[in-house]
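Single-structure report; data block below.
The values are calculated or read from the model by the stated rules, or taken from the named source; none is laboratory data. Being a predicted model, the structure only gives us computed values, none of them experimental. All Cβ positions, glycine included, derive from the backbone under ideal geometry; neighbour counts span all protein chains shown.
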Amino acid sequence: MNGKLNVKRTIFVGLAFLSISAFWQFYDQVIPYLLEFSFGDAIEAIFGAGTKTAVTNVIMSFDNILALFLLPLFGSLSDKTKTPLGRRTPYILFGTVLASLLLTALGFAEEANNFPLFFVALLLLLLAMSTYRSPAVALMPDLTPAPLRSRANAIINLMGTVGGGISLVLVMFLVKKETLPDGTKAPASDTVYLPAILSLAGVMLFAIVIFLLTVREKKIAEGMKEATEEKQSPATAHLAISKKESRRSLFFILLSVFLWFMAYNGVTTNISRYCESIFGLGVSESSGFTLVALVAAAAAFVPVGMLSARIGRRPVIFIGIGLMLTGCLVASFMGMTMFLQARFVFYILFAMVGVGWAAINVNSFPMAVQISSEEDVGKYTGYYYAFSMAAQVATPILTGFLIKAINYRILFPYAVLFLALAAVSMCFVKHGDVKAEKRSVLESFDAD
């Protein structure tokens, strides 16, 4: 059982992450743009002239502030939950349905240009999303033997990338600026969002319906437990011996997570407005760059998972950091003239960032939960996301003030700095790097 990855089952498990990623991609790409340009006047009426960018970035940090407390909480609660549906599935079902309803309410509030209603709906929506993110992510290690988790996480991340890609396609084709009678485009404040928002809610619900029909969490988990009792894997035995020593590695893994999320989310939170300010591109046009990064990541996830099984998780993470750092460093030198002459270079740089992010994400979460036991996977998942969310609390606020003090050109040098610090932190990680037994490609990916 420990030698083969059930690809079909892992794909169905990944539907929960697809739903989550579809939402967060839309959130990062559209919500800051919407706040600044649709509700910018309302924000400045409350907080004063010239505050809309900084206030928008503060609002964008609310989800991460909530997540700092709620992700570990619901991760731990799901560890202790016992229902006919399993430990994680009830949270996934409840959270997705509630989030879809609130997302719909948010769309109608924006359509009515009602900022107070929009703000309340957004806060409630963020609360709903926080109830099931940790349980959904913890489900993969629950149902996957430890040596196979990098490859399983590659598939889970691939599903998440598909969700993000769906969201970007919805933005590109359904988020439109109104056309004025003279044929010109209306201001950004007149952009129409409701069709994309309703479609996104439908995608989230559809993904979870398929998940419920195909994943029998309790039955699979019981089978895993029986197999574990029959034969403890060498990886698990090694883990028990090195538990104390691995605590230090856990700290540096989590610190690295914090640092590279500072870099990555600093870019993703601001990229639509960066492109508007530096290159004069609207949100639907700038979505193309993010889509390239997602497509590149999608193409890289499975190969990266296989490479990690061969050479180890930690070396592949260093490769990923190097690719992202190089892409952001070159992007920091691109101005309007260079962009107009060689726009394709920007696409290449985003592809590099996408592949690098894939290399990091395939391996970082399995390294963190490798140190956990079967009884506290949800708790360690919560720790992982607490550190990533702590970065996402800080980085929108910090970039917001830096952009106001300097300009949007600071964005990519900012990312380079935090990626370099993440590389230093990873040098101190010595545990959590488990490689599977050598097998053929077909054996490693058993779809039966």
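Restricted to the range 107-150, and to residues there that are at pLDDT 85 or above and of a type in the set (S, T, N, Q), the residue that is nearest to Ala298 (Cα to Cα) is Ser134. If you check Lys4, Lys80 for being charged (D, E, K, R) and touching an Asp or Glu at 6+ places or on another chain (Cβ under 7 Å), only one passes: Lys4. Scanning for something assigned to a helix (DSSP H, G or I), on the phi < 0 side of the Ramachandran plot, surrounded by fewer than 23 Cβ atoms within 10 Å (Cβ to Cβ) and aromatic (Phe, Trp, Tyr), does the range 290-308 turn up at least one residue? No, that holds for no residue. The range 1-119 holds helices (runs of 4 or more DSSP H) entirely within its bounds, and those carrying 1 or more residues that are touching a Leu at 6+ places or on another chain (Cβ under 6 Å) and closer than 16 Å to Ala138 by Cα map to 7-37. What are the residues in the range 151-206 that are at pLDDT below 75, of a type in the set (D, E, K, R) and either assigned to a helix (DSSP H, G or I) or closer than 30 Å to Asp433 by Cα (or both), if any? Scanning the range 151-206 gives a single hit, Asp190. Scanning the range 16-49 for residues that are free of Cβ contacts under 8 Å to residues at least 60 places away in the same chain and of a type in the set (Gly, Ala, Ser) yields Ala45, Gly48, Ala49.
Taking Gly95, is it free of Cβ contacts under 8 Å to residues at least 60 places away in the same chain, buried (at least 18 other Cβ atoms within 10 Å of the Cβ) and under 23 Å from the mean Cα position of the chain (by Cα)?
Working: free of Cβ contacts under 8 Å to residues at least 60 places away in the same chain: yes; buried (at least 18 other Cβ atoms within 10 Å of the Cβ): yes; under 23 Å from the mean Cα position of the chain (by Cα): yes.
Here the answer is yes, as Gly95 does meet what is asked.
Filtering the range 108-122 for residues that are surrounded by fewer than 19 Cβ atoms within 10 Å (Cβ to Cβ) and closer than 28 Å to Ala405 by Cβ leaves a non-empty set.
β-branched (Val, Ile, Thr), modelled with pLDDT of 85 or more and under 30 Å from Tyr380 (Cβ atoms): does that describe Val257?
Yes.
Criterion applied to Asn57, Asn64 was being crowded, with 24+ Cβ neighbours inside 10 Å, modelled with pLDDT under 85 and over 29 Å from Lys176 (Cβ atoms), and the one residue passing it is Asn64.
Scoring Ser308 on the criteria (1) more than 29 Å from Arg343 (Cα to Cα); (2) modelled with pLDDT under 80; (3) among the small types (Gly, Ala, Ser) leaves a single failure, condition (2).
Against the definition (over 30 Å from Glu217 (Cβ atoms) and surrounded by 17 or more Cβ atoms within 10 Å (Cβ to Cβ)), how does Gly86 come out, yes or no?
Values: over 30 Å from Glu217 (Cβ atoms): no; surrounded by 17 or more Cβ atoms within 10 Å (Cβ to Cβ): yes.
Considered against the rule, which asks whether it is over 30 Å from Glu217 (Cβ atoms) and surrounded by 17 or more Cβ atoms within 10 Å (Cβ to Cβ), Gly86 comes out as no.
Do we find that Ile210 is buried (at least 22 other Cβ atoms within 10 Å of the Cβ), at pLDDT 85 or above and touching a Leu at 6+ places or on another chain (Cβ under 7 Å) in this structure?
no
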